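Please read the structure below before turning to the comments.
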Amino acid sequence: VQVLGNEDIHNLVLLGYPYLPLSNISISSMAAIASTPAGIPQMDFIENVEEWLAKNQKSVESVVQEFQELFSKYKYLEMRMLQNKKVLIDKLPQIKSALEAVKFLKSKKDAGEEVKANFELADAILAKARVKNAEKVCLWLGANVMLEYPIDEAETLLTNNLATAEDSIGKVTTELEFLRDQITTTEVSIRSLPNTY
């Protein structure tokens with residue numbers, strides 16, 4: 001079982017955002033850039049293209065180039081966010097399974113009962129074990145690191161990790177919806193520009 005700390009999950013969600021210079025976009029129409037907590041700039045819809053071009057004193061070619069650059073950054077960010085969401089979703093069953101196991105061991109300890117289990121020593125090699133009054137459990141932290149926790153602390157940690165992971169998935173989903181709107185707006189803007197002349 002791999003356990004993620006709050007900072008790890010936060011870093012997974014934000015993975016890739018600092019590497020995209022979306023905040024350095026030089027599109028003059030975006031003077032007052034609205035953005036999400038992740039720093040994704042909002043693309044404003046251009047209603048009157050001719051008026052917008054005249055107001056900003058830009059050529060169609062330069063604006064198309066800027067919008068295409070923004071579009072490619074949005075698409076890259078979407079890919080990274082989808083990967084991050086998949087990682088988080090893949091971690092949920094592991095966290096839930098570990099939490100259930102810890103709760104089971106804790107309930108057996110409280111009842112004074114012994115637990116008989118098979119555990120994996122290596123691929124296809126199992127050993128039988130009897131566990132009575134489990135005081136501590138070991139949790140995988142990742143990168144071949146395992147740490148021993150008191151059983152109550154392990155339950156608290158796993159419960160917090162589960163809540164944080166679910167919250168992070170919700171945030172990434174919201175960010176993806178916003179990002180998809182920006183991608184659509186950018187595509188529409190790119191397509192409307194050459195059609196004005």
Those residues of the stretch 138-159 which are closer than 24 Å to Val87 by Cβ and in contact with a helix residue (DSSP H, G or I) (Cβ under 7 Å, 6 or more places away or on another chain) amount to Leu139, Tyr149, Ala154, Glu155, Leu158, Thr159
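Here are some residues: Lys109, Lys116. Which one is in a strand (DSSP E or B) and modelled with pLDDT of 90 or more?
Numbers: Lys109 fails: in a strand (DSSP E or B).
Step by step, each of Lys109, Lys116 is checked, and only Lys116 is in a strand (DSSP E or B) and modelled with pLDDT of 90 or more.
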Would you check which residues across the stretch 65-86 are surrounded by 18 or more Cβ atoms within 10 Å (Cβ to Cβ) and among the aliphatic types (A, V, I, L, M) and list them? Leu70, Leu77, Met81
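The values are calculated or read from the model by the stated rules, or taken from the named source; none is laboratory data. Note that this is a predicted model, so its numbers are computed, not measured. Methodologically, a virtual Cβ is constructed for each residue, glycine included, from the backbone with ideal geometry; neighbour enumeration extends over all protein chains shown.
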